[in-house]
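The values are calculated or read from the model by the stated rules, or taken from the named source; none is laboratory data. Every value quoted in this text rests on a predicted model; they were computed, and no experiment measured them. Ideal geometry is used to build each Cβ from the backbone, glycine not excepted, and the neighbour counts take in all protein chains shown.
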């Protein structure tokens, strides 16, 4: 991605997170980036295309990060630990991205449906790890859909925590709390 396209991308992400998609205009994006509308339209055909690109790239980053990390692990609990840690890191580093996705999963506009589909697809990835762990006897039996949704919801709540503490989030501390109170309870007692 060239410098101008990256600046348009990053500025749009910040504005969409702060003001919302509908309240952000192309004029505002171009003014903050310092480019003419023609330059923006050279890189993106519309505000909707910027939004779609932003969500697709962010979700790709999250999925790829998880795929790379869990491919090196055998134990299901360790895989879930990796998912949780990566998701907390993504939330900490890309707060604007997560704010956008989570704010757009409600509603029936095409962008809402797209965000909803990405979230559901991501939760299914977690669900598959849980099912695998149950089949191997590493995780207690339960409803994988509920557990996967709960893990996603809990880690997304890190955004609320970050807002509440009004300071830099200690990723390792948060991860250890989640590990102590969630993952240890999923372990199959032998």
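Structure values in brief
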quantity	calculated
Lone qualifier among 113, 105 - being part of a loop (DSSP other than H, G, I, E, B) and closer than 20 Å to residue 13 by Cα	105
Subset of the stretch 125-137 (residues that are part of a helix (DSSP H, G or I) and over 15 Å from the mean Cα position of the chain (by Cα))	127, 128, 129, 130, 131, 132, 133, 134, 135, 136
Residue check for residue 53: in the same structural domain as residue 100 (by TED's automatic domain parsing), part of a helix (DSSP H, G or I) and within 22 Å of residue 94 (Cα to Cα)	yes
Residue selected from the stretch 138-173 under the condition farther than 22 Å from residue 126 by Cα and assigned to a loop (DSSP other than H, G, I, E, B), by the criterion modelled with the highest pLDDT	170
Test result for residue 63, modelled with pLDDT under 95, surrounded by 13 or more Cβ atoms within 10 Å (Cβ to Cβ), on the phi < 0 side of the Ramachandran plot and assigned to a helix (DSSP H, G or I)	yes
Residue match in the stretch 108-121 (condition: more than 30 Å from residue 48 (Cα to Cα) and more than 17 Å from the chain's Cα centre (by Cα))	no
Residue selected from the stretch 71-102 under the condition over 19 Å from residue 159 (Cβ atoms) and part of a loop (DSSP other than H, G, I, E, B), by the criterion nearest to the chain's Cα centre (by Cα)	71
Criterion (surrounded by fewer than 19 Cβ atoms within 10 Å (Cβ to Cβ), over 21 Å from the mean Cα position of the chain (by Cα) and not in a helix (DSSP H, G or I)) met by exactly one of 23, 31	23
Selection within the stretch 146-175 - in contact with a helix residue (DSSP H, G or I) (Cβ under 6 Å, 6 or more places away or on another chain) and either free of Cβ contacts under 8 Å to residues at least 60 places away in the same chain or not assigned by TED's automatic domain parsing to the domain that holds residue 63 (or both)	147, 148, 149
Residue 172, sole failed condition from (1) surrounded by fewer than 16 Cβ atoms within 10 Å (Cβ to Cβ); (2) under 28 Å from residue 116 (Cα atoms)	(2)
Some residue of the stretch 141-150 being within 19 Å of residue 97 (Cα to Cα) and exposed (fewer than 11 other Cβ atoms within 10 Å of the Cβ)	no
